[in-house]
Amino acid sequence: QVQLVESGGGLVQAGGSLRLSCSASGSTFRFNSMGWYRQAPGKQRDLVALITSYGSTNYADSSKGRFTISRDNAKNTVYLQMNSLKPEDTAVYYCNLKQMGISAWGQGTQVTVSS
C-alpha cells in the first residue's frame, strides 16, 4: 500500500508562484512514475506533469514554460514549481504514483489563483 501526502497549495494572485510537494510512503518501488493532476469544478481530472524515476518528464501544453516538476528519489518526494500562475490554474491538485500496475492518489491540495 502506498500513501501520498501533498502540501503547498493555497491562495495566490495572478502572476505569482507556488510550490507543491508530495511525499510517498509505504510500499514504493525504486522504479515508478510520479506526477501531478488537477481537477477544476465540473471538469475532468487532467495531467499537469509527470516524472519517472529516471528523470524523464512530460508536461501538459498548459504547463509548459511555467511549471517545473522535479523529484528527490532518496526522499520519495515529487515537487511542482508553478510560476506565472493564471486564474485558470485554479483547481484541486492531486499527486499520483504509478508502479507495477498500481495507481495511487493523494488527497488533493487546493490551488486558487485570484485575478
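The values are calculated or read from the model by the stated rules, or taken from the named source; none is laboratory data. Everything numeric in this text was worked out from a predicted model, so none of it was measured. Cβ placement follows ideal geometry from the backbone for every residue including glycine, while neighbour counts extend to all protein chains displayed. Note: accessible area is taken over every heavy atom of the protein model, side chains too, but ligands, DNA and RNA are not part of it. Shrake-Rupley method; radii C 1.70, N 1.55, O 1.52, S 1.80 Å.
Any residue at all in the range 86-94 that is on the phi < 0 side of the Ramachandran plot, assigned to a loop (DSSP other than H, G, I, E, B) and of a type in the set (S, T, N, Q)?
Within the range 86-94, one or more residues are on the phi < 0 side of the Ramachandran plot, assigned to a loop (DSSP other than H, G, I, E, B) and of a type in the set (S, T, N, Q).
Pairs, please: C-beta under 6 Å, at least 6 apart or cross-chain, first residue over 13 Å from L4 (Cα atoms) and in the range 90-108, second at pLDDT 95 or above and assigned to a strand (DSSP E or B)?
Matching pairs, first to second residue: T90/T112; T90/V113; A91/R38; A91/Q39; V92/Q39; V92/Q110.
Test G16 against the stated conditions and say whether it is in contact (Cβ under 8 Å) with a residue 60 or more places away in the chain, out of contact with any helix residue (DSSP H, G or I) (no Cβ under 8 Å at 6 or more places or on another chain) and closer than 19 Å to V5 by Cα.
Taking the combined requirement at face value, the residue does not satisfy it.
What's the total number of residues in the range 43-80 that are within 16 Å of L20 (Cβ to Cβ), at pLDDT 95 or above and either in a loop (DSSP other than H, G, I, E, B) or open to solvent by 60 Å² or more (accessible area, probe 1.4 Å) (or both)?
Residues that pass the stated criteria total 8.
Kindly indicate the residue of the range 16-42 that is surrounded by fewer than 17 Cβ atoms within 10 Å (Cβ to Cβ) and among the basic types (K, R) and also nearest to the chain's Cα centre (by Cα) among those meeting that condition.
For the range 16-42, the residue satisfying everything is R19.
Say we look at the range 95-108 and pick out the residues that are open to solvent by 20 Å² or more (accessible area, probe 1.4 Å) and touching a strand residue (DSSP E or B) at 6+ places or on another chain (Cβ under 8 Å); which of these is modelled with the lowest pLDDT?
The extreme case among them is I102.
For the range 96-115, enumerate the residues that are under 16 Å from S27 (Cβ atoms) and not in a loop (DSSP other than H, G, I, E, B).
N96, L97, K98, Q99, I102, S103, A104, W105
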